[in-house]
Structure formats: C-alpha cells, structure tokens
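The values are calculated or read from the model by the stated rules, or taken from the named source; none is laboratory data. Note that the structure is a prediction, hence the values are computed from the model and not measured. Note that each Cβ is placed from the backbone with ideal geometry, even for glycine, and that neighbours are counted across all protein chains shown. Surface areas here come from the heavy atoms of the whole protein model, side chains and all, with no ligands, DNA or RNA. Shrake-Rupley method; radii C 1.70, N 1.55, O 1.52, S 1.80 Å.
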Amino acid sequence: IVDKERVQRMIVSLGSDAFPALIKLLKQSNPSLRLTAVEVLSEIKGLELRQVRELFSVLSDADPSVSRAALRALDLLLPADTGEIQRALKTAPVTRKLSLSLLLLKRDPSSSEGLEIVREYALKSRCD
C-alpha cells in the first residue's frame, strides 16, 4: 500500500524539479490526479512566477474540488500584491473571472474591479 502523503512529501522535496511532471498530471483526465498535482504544487517553495501562473488555467477545471484547490494554491503562491491577479483578470476567460475576483477581493477588499465582476456575476445568477 502506498502512503499518499509520504509520496507527496517526497515530490515536494524535489522542489521546482518536480514541476514538469506535475504539469503533466494537471492535464490528466482523472480528477484525483489533477487534485494531487495542485496540492503538491501549492507546497513547493521557490516556484518561479511563470510556473505559478500555470495554475490560472486550473481555476476552470471541470471538477470543483480541483478548481477550489487551485484557488487556494494561487492564494499561497502568488506575491502579496494584487498586480498579478489584476493582469490575469484582463485576459481571463469568463470561467475564471469570478475566482480571480474573489482572490483579488481577499487581498484588496476595496478593489472596484473585483467588486464589479462579483456584482455582475450576482446579477446574472439572479436572472438565470
């Protein structure tokens, strides 16, 4: 029997060297594998910003547990300032905008950009 947590700790200990293999796991059809990849990525210290950005695409994963894990990982791994989130919002597809807005508002509760997107989403949800 394989101890999942032990394997994850071993992969995390590889640091950014494990990144290419974890990105391949993010593209697998099995949501459990994608979730594990996100969880491991969230624990790796010293990832470059370009590597962290790979998690933006996972925000629109078909499996809600995977997309929520990606949001938590981005919260942990992105720099404290909101610049990267604001840049991502400018080009993000609709499926990612709400998650990015919530992350932005967590860091900057007065963000007019984040508030506007959440407001639009709430209005649209009421009309549907």
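Percent of accessible area on the chain owned by carbon and sulfur, 1.4 Å probe?
The C+S portion of the solvent-accessible surface of the chain is 56 percent.
Please work out which option in (i) 42, 33, 30; (ii) 50, 32, 21; (iii) 47, 30, 29 gives Cα extents along the principal axes in Å calculated from these coordinates, and answer with its label.
Label (ii) holds the value from this structure.
Kindly provide the helix-only [θ] at 222 nm of the chain, computed as the sum of -39,500 (n - 2.57) over DSSP H runs of four or more divided by all residues, to the nearest 500 deg cm²/dmol?
Calculated at 222 nm, the ellipticity per residue is -21000 deg cm²/dmol.
Which pairs break 27 Å Cα to Cα here: LYS4/LYS45; LYS24/LYS106; LYS4/LYS24; LYS24/LYS97?
Exceeds cut-off: LYS24/LYS106.
As an exercise, use a Förster radius of 22 Å and the Cβ-Cβ distance of LEU76 and ARG119 to find the FRET efficiency, rounded to the nearest 0.05.
0.25
Does anyone have the angle between helix 31-43 and the longest principal axis of the chain? Alpha-carbon axes, 0 to 90°, nearest 10?
90
For the chain, find the longest principal axis of its Cα atoms and tell me its angle to the long axis of helix 64-77, 0 to 90°, nearest 10.
Approximately 90 degrees, to the nearest 10.
How large is the dipole of segment 11-128 about the Cα centre if only Lys and Arg carry +1 and Asp and Glu carry -1, each at its Cβ, rounded to the nearest 20 debye?
Charge dipole of segment 11-128: 220 debye, to the nearest 20.
Just to confirm, what accessible area per residue do you get for segment 1-93 at 1.4 Å probe, in whole Å²?
59
Any idea which of LEU115, THR91, SER42 is furthest toward the positive side of the dipole for the chain, if Lys and Arg beta-carbons carry +1 and Asp and Glu beta-carbons -1?
Farthest towards the positive end: THR91.
Against the longest alpha carbon principal axis of the chain, how many degrees, from 0 to 90 and to the nearest 10, is the axis of helix 4-13 turned?
The helix 4-13 is inclined about 90 degrees to the chain.
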